[in-house]
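Written below as structure tokens is the structure these notes are about.
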Amino acid sequence: MSNSDSLFQLIKTLSVEEKRQFTKIAKINKKDAVYEALFKAMDKQQAYDEGEFKKKHINKAFVKNLSNRKNQLTDKLLDLLVGINSGETNEAKIKHTLTYLPVLFERKQFVLMRKKINSAKKIANEIEQFYLLLELIEWEKKMIWNDNQKKYKKNIEEIILEQEKVFKAFNEQFAFRNLRRRLSAINRRDVMFEKEENVQAFNQLAENRLLDNNQTFLSKETEMHYCYIKMTSLRIEQSYQDALTYSKRLLEICEGRKTDYPDDYELALYTYIISCDLTHSLEDYLIILEQIHENRCNELYLLDKINFHKLRYFLSKNQFDNALKIAKLVKNKWVELAPYLSESRYLSFSFNFMMLYWILGDLNQTQNWMICIRSYDKAKSRKDDIVLATRLFELVVSYELQERGEDIDFDKKIDTVRKTLKNNRQFQTFHQTVLQHCRELNRAISKKEKIEIIISLENDLQKIEKDQPKLLCLEEIILWCRSKIEGRSIRLLLEDSKPD
């Protein structure tokens, strides 16, 4: 079975209303009856295999010359979609005007043609669609040159100068668009910049003179691309505070263009949230999240983007009851949401939920989210930090469960974790230290002996933290040590050390 047929894929993208519109139009014209029948037959298929499809509908008229029928049906569907969506955007309105101009020019209807051009040029200037503006100016030149009445304030020289100015803005716009695409392409193929060739390619792009400070721009779109590139480059260089400055500037630009470019505005909101997260500048965090919420209606999108950042915000503020509400909301939709998530987002969600339930002392739920991380199919082929850190953290949870009287083969658990980390070349001092102390804890008998081992573990981990403060799960295991030493819950320790 194959779903690669382009017509089948197109049909599967249609909404209920778009399908209804097509069948309605097809019924009006009897010649389209064969295309309606082909459309309905393909729409009923869950997967498409041409050989099987022909056998199933061997007596139908559309099977004869099926390839040609499919091409014609494709064109009819595309005509329908263009008709439904035409006129919805300012860009579509300009393109529609451009279809009138050859007709008006041929009939020498220059007065009406001038009105149409002037109206379309105004819109094109406002939304900075310079490629369309250049085409409109070209028609304006032809109109002035061929109109014998010569009733225009502008002459050819003025039009040419205007066109040259627009062409300069057009070239600047595309130079920045292409620079942004190149940077995004490098970042997409190597998110962590682990390959030297990608680091060199990034450094070369970052030295481009277009990215010099104190630039002046011929359009807001160009300035938008400049801010996005600078922000992304600074994040890659881990200059997060400077990146936040460009994120704010980007958001201000996109807010002024959101009517015509809502997707750019949404991206600016989202990138600003990430910059706030990286710099711990959380003053506007929830306000911006609500703006993203208002800008979108897709339920899975909102569950993913909004709740992921709300969860991080509530955890950072020690608002654990609010974080728990998010966890329950997402868990109820997890079956639908999980396939929608990217690999990194799936693992990050699961990791944050695991930590939340651990903080709250619910070790059963902690284990459930551990299993989500460990059994994630895509994680099996990845040496992901989250997956391996979870493996190590599993020892803390297993020890706690054993202390509560559950039947845990802790030595076997230690051996499994050790083997996993070594196989993935993650057996560093941090991991060795935790594993060694876990073995000692499992052999210890008295409470005093156990506390002494935990104090030793805390001291060793604090030394490691001075050199490698960002190791995943290091802070949490140190916190666990403090909890055991003081005999207080993780939640109480966090709430006392960092109040809301």
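The values are calculated or read from the model by the stated rules, or taken from the named source; none is laboratory data. Being a predicted model, the structure only gives us computed values, none of them experimental. Cβ: placed from backbone, ideal geometry, glycine included. Neighbour counts: every protein chain shown.
Residue 290 meets each of the listed conditions (1) at pLDDT 85 or above; (2) not in a loop (DSSP other than H, G, I, E, B) apart from (1). I need a count of the residues in segment 182-192 that are loosely packed, with under 15 Cβ neighbours inside 10 Å and either of a type in the set (Phe, Trp, Tyr) or under 15 Å from the mean Cα position of the chain (by Cα) (or both). Residues flagged as loosely packed, with under 15 Cβ neighbours inside 10 Å and either of a type in the set (Phe, Trp, Tyr) or under 15 Å from the mean Cα position of the chain (by Cα) (or both) within segment 182-192 amount to 5. Return the only residue of 105, 174, 167, 130 being modelled with pLDDT of 90 or more and surrounded by 19 or more Cβ atoms within 10 Å (Cβ to Cβ). The match here is 130. Of note, residue 322 does not satisfy the criterion of being at pLDDT 85 or above and not in a helix (DSSP H, G or I). Just wondering, is there one or more residues in segment 304-318 that are among the β-branched types (Val, Ile, Thr) and under 27 Å from residue 125 (Cβ atoms)? No: zero hits.
Scan segment 49-67 residue by residue and report those that are farther than 11 Å from residue 38 by Cβ and either touching a Pro at 6+ places or on another chain (Cβ under 8 Å) or part of a helix (DSSP H, G or I) (or both). Those that are farther than 11 Å from residue 38 by Cβ and either touching a Pro at 6+ places or on another chain (Cβ under 8 Å) or part of a helix (DSSP H, G or I) (or both): 50, 51, 52, 54, 55, 56, 67. Against the numbered list (1) part of a helix (DSSP H, G or I); (2) modelled with pLDDT of 90 or more, residue 345 comes up short only at (2). Screening segment 269-278 for residues that are under 10 Å from residue 288 (Cα atoms) and either aliphatic (A, V, I, L, M) or outside any helix (DSSP H, G or I) (or both) and picking the one that is modelled with the highest pLDDT gives 269. Selection of first residues in segment 10-31 that are assigned by TED's automatic domain parsing to the domain that holds residue 48 and of second residues that are loosely packed, with under 13 Cβ neighbours inside 10 Å, restricted to Cβ pairs under 9 Å at least 6 apart or on distinct chains, gives the following pairs, ordered by first then second residue: 10/78; 12/3; 21/83. Of the helices (runs of 4 or more DSSP H) entirely within segment 151-268, those holding at least 1 residues that are in contact with a helix residue (DSSP H, G or I) (Cβ under 7 Å, 6 or more places away or on another chain), free of Cβ contacts under 8 Å to residues at least 40 places away in the same chain and closer than 22 Å to residue 135 by Cα occupy 156-189. Screening 142, 116, 121 for residues that are at pLDDT below 95 and of a type in the set (D, E, K, R) leaves exactly one candidate, 142. Scanning segment 423-462 for residues that are closer than 19 Å to residue 484 by Cα, out of contact with any Leu (no Cβ under 7 Å at 6 or more places or on another chain) and basic (Lys, Arg) yields 439, 443, 447, 448.
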